[in-house]
Structure formats: structure tokens, C-alpha cells
Amino acid sequence: MVSVLRKLLCVGMVVLLSAQPADARVSHAKRIAITIDDAPSPSTPLFTGQQRALSIIDHLRKSDAPPIGVFAIGNHVVNFGTEQLKLYGLAGHAICNHTYSHRSLKNCSAEDYVRDIQKAEKLLKEMPGYAHLFRYPYLDEGYPAQTQKVNSALKDLGYTNARITINNCDYYMSHILQKERHAGKRIDYEKLRTVYLQVMLECVEYFDGWFDLQGKQSMNHVLLMHSNDLTALYIGDLVQALRDRGWTIISIHDAYKPVPEDFKNIPSKIVETNSANPARARNSPKGMSVRYLVELFRQEKVFVDVRPGETYTASN
Ligand SMILES: [Zn+2]
């Protein structure tokens, strides 16, 4: 009887929800946590590793943004030093595990893979702000036999699998920036900012819409970014742009927790933070097409040839 009543109530609520205009629904949570992968990162002509970390931290502080997740690679710590990583921890952000070697599970036994996670943990656990959040390199967990063992070991080691819900190709945009800079082109920073924000927001909206279609409007989102110069330049602008579009930036510590009660009483909208990995979705936003990105940067004249006789020193 109780279950029949519950079913009727559910149907009634769904009908009620369907009858409302989309913008009157309170179910669309628009909460998003920020994560940065592959830290610490090497120096470039635009930023030393230390300057990059300081810039990201400073933008987040000025934006009054909650703690982000910084997913560190063990051998990057060895190669590029602990200092830039420590800065994040001291600023209140979470230092998280992204393995020691950043290898794909595809070519690795589960046992070796787990040893690699533990090797990273040894290096990272003394850092301020270390959190038991783990992210698969390349988001690559699609090998059922190994993945099951790794996920079980992660659980035993006290880790949460820190999946993302919003993918993008910020690393490829960063690659374009470094390539054009290396070729001696002048960077129009205002245009670079505009293009970067446009692409990132398109990706956020695409994946949000993807989950929306699956009835998961109430889930927390987790945005993937990388430790690169674009993040150092524009993370503050991105936070502002997201807020302007109605998003609330949430702490990485809240991202994988059940959502507040307000969002739980909608029976057809099941909350699944650990849902299917959108990186594996068949369709991708255009911002994840290399050809589209190259053409967009060209069309918008983000990088300009330096005229003969003109001296130009890239700076931020
Ligand atoms: Zn990575």
C-alpha cells in the first residue's frame, strides 16, 4: 500500500514538474566544483611553475572561490619541486592523488597501478591539504577487469574516485598558445581571454545539458581544468563568467557528497555525482574538436605576426 501511494505521489510530482515551465523548476542545481589536473607543472616563457600556481591561487582568492581540487602527479613533484604544490595546500585547496607515473590503466595490471597510486601517496600525504581524492589519468577507467580491482583498492585505501562531469580541451588550447608563442607571434590577450571563456562555457553548457537530458539536473558538477598558463591567466574570469550564468562554485570537499535535502525530494531526478563519465560520451561539444579550436583561434586573430622592426616580448 505504502509503495502504491509512493508511486502515485511520484507520478503526481513528475506531472506537476512537467506542467511547469522549465525555468520555474528548482531542480537545476547549477553547482560546480573546480579541479586542476597534472600539477605541479613546468615553467614556460609566460610563467614559472611557481608564478603559475601563485597566479591561480591569487585569482581564486580575489574571486572568493571555495577550495578547488589540485590533482598532483608524483613524478611532476620530483621533477618540478614541491613548492608550487605546497602553495595550494597552504591557501586552503585540496592536494589530491593523480598517480605517480600518470600511466593509462590500459597497459598496466591492477596491482602495478595501485602500487603507483601508493607511491604518489607517499610523496603527497605530507603536503598541507592532502585529501583522499583520486583521479584516473586520462579519465581512463574503462577496463572492467582491472578497474574493479583498482576501485576496490581505492576504497580500502580510503579514496573517493574523483570523477569529472565537465570535460573540455583546455590542454589543447594551452598547446596552441605555447606553439604560437614559440613561433614568435604576438598574443592578443583580450581575444585569447574571449575565445578561452567562450570555449570553456560552451563545454560546461554542453555537458550540463547532456546530464539534464538524463534527468540529473540536481547533481553536483565537477569541472576538469589543467595546471597550465590559460588557467593561470583566466581562472578568475571563468569563475565570474560561471557565476554570471547562475552557477554556484562549490568546494571540492562538497562535490562528492550527497546533495542537500531540497534536491532529494524530486523522485524522478536521481542524484548521481558518480555517474557515467561524460568524457566517454559519444558526442562531444565542438570545443573538444582540435580542428574547430585551431580554426577559431585563427578566425579570431588571437595570435598576430610581429611586423619587421617591431620588438615584442610576451608578458602576462
Ligand atoms: Zn592527468
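The values are calculated or read from the model by the stated rules, or taken from the named source; none is laboratory data. The shown structure was predicted, so the numbers you read here are calculated from the model rather than taken from an experiment. We place every Cβ from the backbone using ideal geometry, glycine too, and count neighbours over all the protein chains shown.
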Unmet criterion (only one of (1) modelled with pLDDT under 95; (2) more than 16 Å from the ligand (Cβ to nearest atom); (3) more than 28 Å from ILE56 (Cβ to Cβ)) for GLU126: (3)
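Residue-wise test of (1) within 16 Å of the ligand (Cβ to nearest atom); (2) at pLDDT below 95.
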residue: VAL15; (1), (2): no, yes
residue: SER18; (1), (2): no, yes
residue: PRO21; (1), (2): no, yes
residue: SER43; (1), (2): no, no
residue: GLN50; (1), (2): no, no
residue: ARG61; (1), (2): no, no
residue: ILE68; (1), (2): yes, no
residue: PHE71; (1), (2): yes, no
residue: LEU85; (1), (2): yes, no
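Taking the range 39-54 on its own, how many of its residues are in contact with a helix residue (DSSP H, G or I) (Cβ under 7 Å, 6 or more places away or on another chain) and buried (at least 16 other Cβ atoms within 10 Å of the Cβ)?
As a first pass, look at the range 39-54 and keep what is in contact with a helix residue (DSSP H, G or I) (Cβ under 7 Å, 6 or more places away or on another chain): 39-47, 49-50, 52-54.
Now drop any that are not buried (at least 16 other Cβ atoms within 10 Å of the Cβ), which leaves 39-41, 44, 46-47, 49, 52-54.
Count: 10.
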Checking the conditions here, which among MET219, MET225, MET200 is at pLDDT 90 or above, away from the ligand (no atom under 16 Å from the Cβ) and either under 16 Å from THR165 (Cα atoms) or among the hydrophobic types (A, V, I, L, M, F, W, C) (or both)? MET200
So ASN75 fits all but one of (1) within 15 Å of the ligand (Cβ to nearest atom); (2) surrounded by 18 or more Cβ atoms within 10 Å (Cβ to Cβ); what number is the exception? (2)
Give just the number: which of (1) within 17 Å of HIS253 (Cα to Cα); (2) within 16 Å of the ligand (Cβ to nearest atom) does THR165 not satisfy? (2)
Restricting attention to the range 134-162, report how many residues are closer than 16 Å to ASP116 by Cβ, away from the ligand (no atom under 16 Å from the Cβ), touching a strand residue (DSSP E or B) at 6+ places or on another chain (Cβ under 8 Å) and not in a loop (DSSP other than H, G, I, E, B). 2
For the range 78-133, which residues satisfy the criterion of being within 18 Å of ALA53 (Cβ to Cβ), surrounded by 23 or more Cβ atoms within 10 Å (Cβ to Cβ) and among the hydroxyl-bearing types (Ser, Thr, Tyr)? TYR88
Hits in the range 205-231 - residues which are closer than 22 Å to VAL70 by Cβ and touching a His at 6+ places or on another chain (Cβ under 8 Å): PHE207
